[in-house]
1. May I ask you to list the GluC sites (Glu not before Pro) in the range 87-159 that are in a DSSP loop and have at most 10 other Cβ atoms within 10 Å of their Cβ?
2. List the chymotrypsin sites (Phe, Trp or Tyr not before Pro) within the range 17-97 that fall in a DSSP loop (any state other than H, G, I, E or B) and whose Cβ has at most 12 other Cβ atoms within 10 Å.
3. How big is the charge dipole of the chain about its Cα centre, in debye rounded to the nearest 20, if each Lys and Arg gets +1 on its Cβ and each Asp and Glu gets -1 on its Cβ?
4. Put +1 on the Cβ of each Lys and Arg and -1 on the Cβ of each Asp and Glu in the range 28-159; which of Gly144, Thr86, Pro108 then has its Cα farthest toward the positive end of the dipole?
5. Label the range 35-110 by shape, choosing from rounded, prolate and oblate, from the square roots a ≥ b ≥ c of the eigenvalues of the Cα gyration tensor; if a/c is under 1.5 it is rounded, and otherwise prolate applies when a/b is larger than b/c, oblate when it is not.
6. For every other residue with a beta carbon closer than 14 angstrom to the beta carbon of His130, add +1 if it is Lys or Arg and -1 if Asp or Glu, then tell me the sum.
7. Can you pull the Rg over Rh of the range 70-130, Cα-only, Kirkwood?
8. What is the sum of charges around Asn80, taking Lys and Arg as +1, Asp and Glu as -1, for the other residues whose C-beta is under 12 Å from the C-beta of Asn80?
Amino acid sequence: MTNETAAHELSIARLIDAPPETVYRVWTERTAEWWAPRPYTTPEAHLDLRPGGRGLMAMRAPDGTDLPRQEGVFLEVVPNRKLVFTDAFRAGWIPQNPFMVVIVTFDPEGAGTRYTARVRHWNEETLKQHEAMGFHEGWGIVAGQLAALAEGRSIPEAA
């Protein structure tokens, strides 16, 4: 990776006490349970896990307000190891206003998994916008929720 590529990148990493296959399965099959930082919820989560496949998430605020749906496509899917997706396109490769490309990796580390989410933005402006939205706190919370489920624990009602 060049410095230019990483210039507009935010990332979080967490060691999860479960094998990559378990973490990947929870990420892909139980997405609605961990995707939104509690007390927010994810009433809708659809993942078509193939290059060009649609990803659609809908989040709801604690007061019942539905947030704008997040739609994109998968660019790369390596079961149990890596997911790459973007919101630059909707299904059918229909361009939309791009914000980010997300690279999620599930790397074996000891008996567990080094979970890393790298989020690349097109420019400094969108990176700063994502930071101001609470990237580190929010993505950290959901990584903790993902870890709890993969480790066989329950998620607290509010993080």
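1. On the way: sites: Glu109, Glu124, Glu125, Glu131, Glu137, Glu151, Glu157; in loops: Glu151, Glu157.
Loop-located and lightly packed - Glu157.
2. Working: sites: Tyr24, Trp27, Trp34, Trp35, Tyr40, Phe74, Phe85, Phe89, Trp93; in loops: Trp35, Tyr40, Trp93.
Counting only loop positions with at most 12 other Cβ atoms within 10 Å, the chymotrypsin sites (Phe, Trp or Tyr not before Pro) in the range 17-97 are Trp93.
3. The dipole of the chain has a size of about 280 debye.
4. Result: Pro108, furthest along the dipole toward the positive end.
5. Numbers: a/c = 2.29, a/b = 1.23, b/c = 1.85.
Since a/c reaches 1.5 but b/c is at least a/b, the shape of the range 35-110 is classed as oblate.
6. Numbers: positive: Arg118, Arg120, Lys128; negative: Glu9, Asp87, Glu124, Glu125, Glu131, Glu137.
Value of the local net charge: -3.
7. Working: Rg = 13.4 Å, Rh = 12.7 Å.
My calculation puts Rg/Rh at 1.06.
8. Here the count lands on +1.
The values are calculated or read from the model by the stated rules, or taken from the named source; none is laboratory data. The structure presented is a predicted model; accordingly, all values stated were derived computationally and were not measured. Cβ atoms come from the backbone with ideal geometry, glycine included; neighbour counts cover every protein chain shown. When the accessible area is computed, the model is the full protein with side chains, heavy atoms only, and any ligands, DNA or RNA have been set aside. Shrake-Rupley method; radii C 1.70, N 1.55, O 1.52, S 1.80 Å.
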